[in-house]
Amino acid sequence: MKWRGRAGSQNIEDRRGMSGGGMAVGGIGGLVLVLVLSALTGQNPLDLLETTGPVSNEVRPGGVPADDPQAEFVSVVLADTETTWERLFDASGESYEAPVLVLFTGSTQSACGLGQSAMGPFYCPGDRKVYLDLSFFRELDERFGAPGDFAQAYVVAHEIGHHVQTLTGISARMQSARQRAGERESNALSVRQELQADCFAGVWGHYAAREGLLEPGDAEEGLRAAAAIGDDRLQRQAQGTVVPESFTHGSSAQRVEWLRRGLESGSVDSCNTF
Ligand SMILES: [Zn+2]
């Protein structure tokens, strides 16, 4: 992806090196633990975090420090998503409110509870912020076998997809539908919502390609990442078996399919997973 030397977003809150407090479950073992817990309890991994409390360490957003290529990369991708979604919202007579992306290490407070790097990146609708520990990118490469800058960009764009769902009211509708639903149906709704975020990430990728920002192999990197974090593959790695009713994000094949749809069409309307 062509990103060097391009302007980054100012909507970055850099909390790296700050102590988030709490019982952090670190690293790969922690992620496996959370996935296993999530598989056993049938809960969305993020729900395991939900102990809502006040958010204390409020920091003003700004840029990223110089000589920090990975943070700079995220900031440029974030700026790209802002441009794309501003345009798409404008076109339908709405205005896009850009979210803040929080960089953290280890653990940090969010309006959705204590965010831990072991959970992987997440979006919290309560404070409209994306939470990202950059160490996830190393895991994406080494543990999930999905290297490359566009794989990383897809991860960021997927979380921004959840922000778009929040702005458009989809998240709120889903949340109330899931509260009324039984566990199996609730999981199925979660899958639809996640696949739509994948498709929205693809929509962003479509416009990035149109702007000439992609390099050969980029789309494949994104699709490889989508396949790598499918529920079936993660469950097989974590517990050796696959329980489709417990899926909350969709299978590898589904994630690839919806990301591809967004990439090819560039149209929000093509992302109706419901
Ligand atoms: Zn998601």
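We did not get these values from a lab; they are worked out from the coordinates using the rules stated. Since we're looking at a predicted model, the values are computed, not measured. Here Cβ is always computed from backbone atoms with ideal geometry, including for glycine, and neighbour counts include all displayed protein chains.
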Packing-based ranking, highest mean first, of 141-148, 170-177, 130-137 given that Cβ atoms within 10 Å are counted: 130-137, 141-148, 170-177
Global form of region 150-274, assessed from the alpha-carbon gyration tensor, a/c cut-off 1.5: oblate
Assigned charges on the beta-carbon of Lys, Arg, Asp, Glu; region 111-182 dipole about Cα centre (debye): 480
Dipole magnitude (debye, nearest 20) for region 209-266, charges at Cβ of Lys, Arg, Asp, Glu: 140
Dipole of region 212-274, positive end: most advanced residue of Leu259, Ala228, Ala238 [Cβ charges, Cα centre]: Ala238
Charge context of Ser95, other residues only, Cβ under 14 angstrom, K/R +1, D/E -1: -4
Alpha-carbon centroids, region 67-133 and region 191-223: separation in whole Å: 16
Surrounding net charge for Gly8, when Lys and Arg each add one and Asp and Glu each subtract one, Cβ distance under 10 Å: -1
Formal net charge of residues neighbouring Glu194 (Cβ-Cβ distance under 10 Å; K, R +1; D, E -1): 0
Amide H contacts of Gly113 (H built 1.01 Å from N, under 5 Å, at least 5 apart or other chain): Thr51, Gly53
